[in-house]
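Since the structure comes first, as structure tokens, the remarks are kept for the end.
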Amino acid sequence: METRVGLLLMAVLAGALSVHAGAQEPRSAAAITDFRVNDPAQMDARAKLLARAEGELARGEVSAANDTFERAAMMLHAPDTEMGLVRTYMQAGQYRKALAFCAHVAGAHLESGPAGGLYAWLLRAGGQNDFADRVLRETLARLPQDPVALEVRRAFASPTPVATGAMLQTPQRMAPQPLLMGDQPPITEAARVVSGGVLIANGTMALVPSAALQADGTRAIWVRDGLGRTTRAHADPSTQPLASYAVTVLRLDPPLPAEGLPALAPRDPFAGSAGFAFEYAAQQDATPAWPWLSQGFFGTLRSGDAPRMLGIGVAGTTHGGPVLDAAGRLAGMVLPGRDEPMMLSASRWAEALPDSSQIAKAAVAPQAGAVTRPGAAIPSDEAYESGLRSALQVIVVPRR
């Protein structure tokens with residue numbers, strides 16, 4: 001503690017001496033609070049570390065990127081390094097940790113519009129819309145001309161915002177990195193995101209709305225989870241047991257990782273009980289994105305085999321994303337309806353796809369450090385971590 005106070009006093013003294021010397025140029029917050037910014041050799045070494053960490057993150061080397069960002073953070077207390085750590089936590093699927101640390105970054109670096117914009121984006125992604133709007137308003141009140149914060153405000157005008165332009169640049173990148181599984185060629189430039197989907201069966205299958213695929217007019221299909229992990233998918237026209245629900249089963253090759261996927265709900269949620277739904281925005285390209293979470297209460301059941309009313313007010317219109325019950329278990333998927341979104345219960349596809357029940361066995365054991373709440377409601381940030389792994393972007397290359 002004494003060392004930290006001593007460093008702070010030295011920084012204040014350095015700032016006072018420069019003012020006394022008649023310096024006319026405005027100084028950055030880092031220059032005032034952390035005198036190490038005035039050491040060119042150290043700042044050059046720091047810049048190289050940041051470039052290395054960004055490269056590791058882009059290649060999916062999350063643990064290495066975390067260590068490298070931490071080394072850079074020891075060299076200067078600055079928002080760019082800390083935003084890199086936030087994105088590293090997100091790339092690892094640790095939304096709760098990322099959100100908590102981003103609150104620190106935005107609060108400790110009020111001079112950084114990108115930090116405030118990234119925090120607002122993460123809040124909105126996790127369903128905290130009012131708080132996200134408040135954070136963004138306060139950021140723009142301090143920095144009314146900040147280009148990143150202004151772009152976030154423009155994006156927030158849509159129910160399902162899409163990150164573009166400066167929002168996709170580092171260090172504030174508001175999206176995961178695209179990571180191809182296995183030895184696959186890159187996604188072509190003509191591809192675009194058309195809907196959401198649900199990852200099931202230990203990562204070997206995906207369920208998507210049939211209308212999004214237009215099977216006779218689609219040349220190639222990929223699916224990507226909220227961590228950016230992407231793989232090829234194909235539909236077997238001769239084996240589609242959920243066709244009557246307008247749902248297509250895709251086989252994934254190679255599979256996506258199954259670790260952290262939610263277990264299947266043992267029963268359909270009661271009408272009026274709480275739940276979570278995930279959606280992606282439709283896009284004109286195949287840019288990776290984090291899903292959008294909506295909270296609400298399940299609608300009424302319907303007689304016969306018809307899908308039930310979802311009840312939860314989802315943000316977008318593409319649909320296809322997973323639905324979790326209050327305990328964070330996979331309860332169904334969002335389907336388009338005539339007047340409002342519907343929900344295909346997981347029990348329906350579990351009957352038609354016996355292999356899909358494997359996911360329940362794979363997800364029973366809690367992850368290391370996870371809080372065990374058998375049958376109890378979970379907070380929205382914990383639900384969001386499940387959504388990052390189970391909610392899929394469906395990417396297609398339409399035939400011309």
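Quick look at the numbers
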item	result
Any hit, the range 223-235, residues being surrounded by 21 or more Cβ atoms within 10 Å (Cβ to Cβ), assigned by TED's automatic domain parsing to the domain that holds VAL394, of a type in the set (Gly, Ala, Ser) and over 21 Å from PRO185 (Cβ atoms)	yes
Every residue from the range 161-174 that is crowded, with 20+ Cβ neighbours inside 10 Å and in a loop (DSSP other than H, G, I, E, B)	PRO161, ALA163, PRO171, GLN172, ARG173, MET174
Residue check, VAL334 among the β-branched types (Val, Ile, Thr), free of Cβ contacts under 8 Å to residues at least 60 places away in the same chain and either buried (at least 21 other Cβ atoms within 10 Å of the Cβ) or farther than 20 Å from TRP121 by Cβ (or both)	no
Test for VAL37: is it more than 26 Å from LEU122 (Cβ to Cβ), modelled with pLDDT of 75 or more and surrounded by 19 or more Cβ atoms within 10 Å (Cβ to Cβ)	yes
Residues that are out of contact with any Leu (no Cβ under 7 Å at 6 or more places or on another chain) and crowded, with 20+ Cβ neighbours inside 10 Å, drawn from the range 96-115	VAL105, ALA106, HIS109, SER112, PRO114, ALA115
Any hit, the range 19-26, residues being outside the structural domain of GLU138 (by TED's automatic domain parsing), in contact with a helix residue (DSSP H, G or I) (Cβ under 6 Å, 6 or more places away or on another chain) and modelled with pLDDT under 95	no
Residues within the range 117-162 that are farther than 27 Å from PHE276 by Cα, of a type in the set (A, V, I, L, M, F, W, C) and touching a residue at least 12 places away in the same chain (Cβ under 8 Å), tallied	4
Among the candidates VAL208, VAL193, VAL198, residue that is part of a strand (DSSP E or B), touching a Pro at 6+ places or on another chain (Cβ under 7 Å) and aliphatic (A, V, I, L, M)	VAL198
Test result for ALA277, touching a residue at least 40 places away in the same chain (Cβ under 8 Å), crowded, with 23+ Cβ neighbours inside 10 Å and not assigned by TED's automatic domain parsing to the domain that holds GLY127	yes
The one condition in (1) within 22 Å of LEU388 (Cβ to Cβ); (2) of a type outside the set (Asp, Glu); (3) touching a Leu at 6+ places or on another chain (Cβ under 8 Å) that VAL62 fails to fulfil	(3)
Qualifying residue in the range 309-320 (condition: assigned to a strand (DSSP E or B) and either surrounded by fewer than 23 Cβ atoms within 10 Å (Cβ to Cβ) or not basic (Lys, Arg) (or both))	yes
ALA30 being modelled with pLDDT of 95 or more and either over 29 Å from LEU261 (Cβ atoms) or out of contact with any Phe, Trp or Tyr (no Cβ under 7 Å at 6 or more places or on another chain) (or both)	no
Index of the failed condition, ALA201 passing every other in (1) on the phi > 0 side of the Ramachandran plot; (2) at pLDDT 95 or above	(2)
Residues located in the range 67-90, provided they are within 19 Å of the chain's Cα centre (by Cα) and either surrounded by fewer than 19 Cβ atoms within 10 Å (Cβ to Cβ) or free of Cβ contacts under 8 Å to residues at least 24 places away in the same chain (or both)	LEU85, TYR89
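Residue by residue, here is whether (1) within 26 Å of the chain's Cα centre (by Cα); (2) free of Cβ contacts under 8 Å to residues at least 60 places away in the same chain holds:
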{"position": "ILE221", "(1), (2)": "yes, no"}
{"position": "GLU259", "(1), (2)": "yes, no"}
{"position": "ALA271", "(1), (2)": "no, yes"}
{"position": "ALA282", "(1), (2)": "yes, no"}
{"position": "SER303", "(1), (2)": "no, yes"}
{"position": "VAL314", "(1), (2)": "yes, yes"}
{"position": "ALA326", "(1), (2)": "yes, yes"}
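The values are calculated or read from the model by the stated rules, or taken from the named source; none is laboratory data. Note that the structure is a prediction, hence the values are computed from the model and not measured. Heads up, the Cβs are rebuilt from the backbone with ideal geometry, glycines too, and the neighbour counts pull from every protein chain shown.
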